[in-house]
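To start, the structure under review is shown below, and the notes come after it.
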Amino acid sequence: MKNIIEKLENTIDKKDILVNEPMKKHTSFRIGGCADYFVNVRSAEQLKHLLQLAKAEEIPFQMIGNGTNLLVREGGIRGIVAKLGLQDDTIERQEQEVLVTCGCGMSLGKLALIALENGLTGLEAMAGIPGTVGGAVRMNAGAYGSEMKDVVVCSKAMNQRGEIQEFDLTAHEFAYRKSAFETNEWILLETTIRLKPGEKCEIEEKMQEYKKCRLEKQPLEFPNAGSIFKRNDGMPVAKLIDECGLKGYAIGDAEVSSKHSGFIINRGNATAKDVIALIEHMKKEVKKKFDVDMKLEIIVIGEE
Ligand SMILES: Cc1cc2nc3c(=O)[nH]c(=O)nc-3n(C[C@H](O)[C@H](O)[C@H](O)COP(=O)(O)OP(=O)(O)OC[C@H]3O[C@@H](n4cnc5c(N)ncnc54)[C@H](O)[C@@H]3O)c2cc1C
């Protein structure tokens, strides 16, 4: 362990290396055991070094964003967990549209704010998604009829060997909550999105409307990871879960939200085991009543 810490410190500041770091501090569910090494990455060079180190030492490497779509098991994560700090942005104005490029560690909320400040429309519906730009591209995150695929122009990503490549829109292979990046071979560094000039007050008004909607419908007062399941044939599954009488049903401290049946909330001390048992129960009941196989949207990682 000492050996690896010394090697990490060759390129990474001591304060950015956390040993035996509880992942519950880095996930919106507030659940998860310890990562052996949790590293805040501040440059592409540092990321390259980390990937090479992980390969040379034969230890696993896991990238995370804001941890808002993750369930980490109690056994924690072996090897290196890296969080991207790249947050620079540039704005290039063309005739009818504006290209905004930003580091993939930036939160989608901050990017939406930059759009608002510059009077740019196109991100209003996604402003309330709590992930990073990297996580949002990887998941093709979306809300209220908009998805990342509607705004992305291109991205730069690094592979496990430290090589950087540019991906055009087609190469992202976007589909519903899916992209080419789900194999974990490539780490997104930078993304360019296309926005249009708009009226600042209208953009702000729309953002407020969507925010109000989220506050009313989602259990934001409890730790959660957003929708647990994907839509089924384009339809939200919350109604099916609801009709199985599962609203408020709990295992340990994991509970089907009474506000939104598509969400599981952590009432305080929920474990990943509780959440997984609850997910299995929800799947079983929905299959029995509606013959629908619900598919997970959240990503489960770590050891039992
Ligand atoms: C209250 C709440 C509301 C939500 N609402 C929505 C919504 O409306 N729509 C929606 O789509 N989602 C929603 N989500 C889910 C979540 O916010 C999105 O999926 C988001 O895009 C995840 O981003 P993240 O940075 O948190 O990624 P993480 O959860 O940290 O990681 C998700 C995956 O992305 C990978 N990843 C992260 N960064 C990179 C990178 N730079 N390069 C390559 N891979 C990377 C990780 O390895 C992991 O596999 C919600 C979640 C919460 C808690």
Leaving ligands, DNA and RNA out of it, report the carbon-plus-sulfur percent of the accessible area of the chain at a 1.4 Å probe.
48
Of the residues 44, 136, 272, which exhibits the maximal mean-square fluctuation in a Gaussian network model of the chain defined by a 10 Å Cα contact cut-off?
44
Taking a straight Cα-to-Cα line shorter than 19 Å from residue 14, and setting aside same-chain aspartates and glutamates fewer than 8 residues away, one finds 6, 36, 45
Part-to-part distance (alpha-carbon centres) for the stretch 278-304 and the stretch 229-250, which is given in Å:
10
Just to confirm a number: summing +1 for Lys and Arg and -1 for Asp and Glu over residues other than residue 46 whose beta-carbon lies under 12 angstrom from that of residue 46, what do you get?
-1
Separation between the residue 269 and residue 19 pseudo-spin-labels, each 7 Å from Cα along Cα→Cβ, expressed in nm?
2.9
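Under a point-charge model restricted to the Cβ atoms of Lys and Arg (+1) and Asp and Glu (-1), what is the dipole moment magnitude of the stretch 2-84 relative to its Cα centre, in debye to the nearest 20? Display every interim value, and only then the final one.
Values: 13 positive and 10 negative charges, 50 e Å.
Roughly 240 debye, rounded to the nearest 20.
How much length is gained on full extension from residue 250 to residue 235, taking 0.36 nm per residue of separation minus their Cα-Cα distance? Mind showing how you got there, number by number?
Numbers: separation 15, 0.36 × 15 = 5.40 nm, distance 2.43 nm.
Result for the pair: 3.0 nm of gain on full extension.
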Report the charge-dipole magnitude of the stretch 107-186 in Debye, nearest 20, computed about the Cα centre from +1 at each Lys and Arg Cβ and -1 at each Asp and Glu Cβ.
180
Can you tell me how the stretch 25-87 classifies by the Cα gyration tensor, rounded, prolate or oblate, using a/c under 1.5 as the rounded cut?
oblate
Helix-only mean residue ellipticity at 222 nm, the chain, DSSP H runs n ≥ 4 weighted -39,500 (n - 2.57), per residue, nearest 500. What is it?
-8000 deg cm²/dmol
Among 61, 181, 222, what's the order by accessible area (1.4 angstrom probe), most exposed first?
222, 61, 181
Return the aspartates and glutamates within reach of residue 217: Cα separation strictly under 17 angstrom, same-chain partners fewer than 8 residues apart disregarded; answer none if there are no such residues.
209, 242, 255
Counting only the backbone N, which residues of the stretch 236-275 are under 13 Å from the spot 7 Å out from the Cα of residue 290 toward its beta-carbon?
236-247, 261-263
Result for the stretch 219-301: accessible area per residue, probe 1.4 angstrom, in square angstrom, of 49
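On average, how much accessible surface per residue is there in the stretch 2-84, in Å², for a 1.4 Å probe, leaving out ligands, DNA and RNA? The partial results should precede the final answer.
On the way: 3700 Å² over 83 residues.
Ligands and nucleic acids excluded, the result is 45 Å² per residue.
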Could you tell me how far the Cα centroid of the stretch 6-54 sits from the Cα centroid of the stretch 103-141, in Å?
24
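Name the shape class, rounded, prolate or oblate, that the alpha-carbon gyration tensor gives for the chain, where a ≥ b ≥ c are the square roots of its eigenvalues, rounded holds for a/c under 1.5, and otherwise prolate holds if a/b is larger than b/c and oblate otherwise.
Working: a/c = 1.85, a/b = 1.08, b/c = 1.72.
Cα axes put the chain in the oblate bin.
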Go ahead and set up a Gaussian network model of the chain, Cα springs under 10 Å, then flag whichever of 43, 28, 257 fluctuates most.
43
Once the dipole of the chain is set up from charges on Cβ (+1 Lys and Arg, -1 Asp and Glu), the residue from the list 192, 50, 28 lying farthest towards its positive end is 28
Can you give the local net charge around residue 202? Use residues other than it whose beta-carbon is closer than 13 angstrom to its beta-carbon, Lys and Arg +1, Asp and Glu -1.
-2
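When ligands, DNA and RNA are left out and all protein chains stay put, how many square angstrom of accessible area per residue does the stretch 132-202 have with a 1.4 Å probe? Working shown, then result.
Working: 3340 Å² over 71 residues.
Value for the stretch 132-202: 47 Å² per residue.
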Can you give me the solvent accessible area of residue 182 with a 1.4 Å probe, rounded to the nearest 10 Å²?
80
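Where does each of 34, 102, 244 land when they are ordered by accessible area, with a 1.4 Å probe and the largest first?
Numbers: 34 50, 102 5, 244 30 Å².
Descending accessible area places them as 34, 244, 102.
Once you have a ≥ b ≥ c as the square roots of the Cα gyration tensor eigenvalues for the stretch 89-207, tell me rounded if a/c is under 1.5, and otherwise prolate or oblate according to whether a/b is larger than b/c. Could the numbers behind the result be given before it?
Working: a/c = 2.02, a/b = 1.61, b/c = 1.25.
Taking the square roots of the gyration eigenvalues as a ≥ b ≥ c, the stretch 89-207 is prolate.
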Report the local net charge at residue 86: Lys and Arg +1, Asp and Glu -1, summed over other residues whose C-beta lies under 12 Å from its C-beta.
-1
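The values are calculated or read from the model by the stated rules, or taken from the named source; none is laboratory data. Everything numeric in this text was worked out from a predicted model, so none of it was measured. Using ideal geometry, Cβ is built from the backbone for each residue, glycine included, and neighbour counts are taken over all protein chains shown. Only protein heavy atoms, including side chains, enter the accessible area calculation; ligands, DNA and RNA are left aside. Shrake-Rupley method; radii C 1.70, N 1.55, O 1.52, S 1.80 Å.
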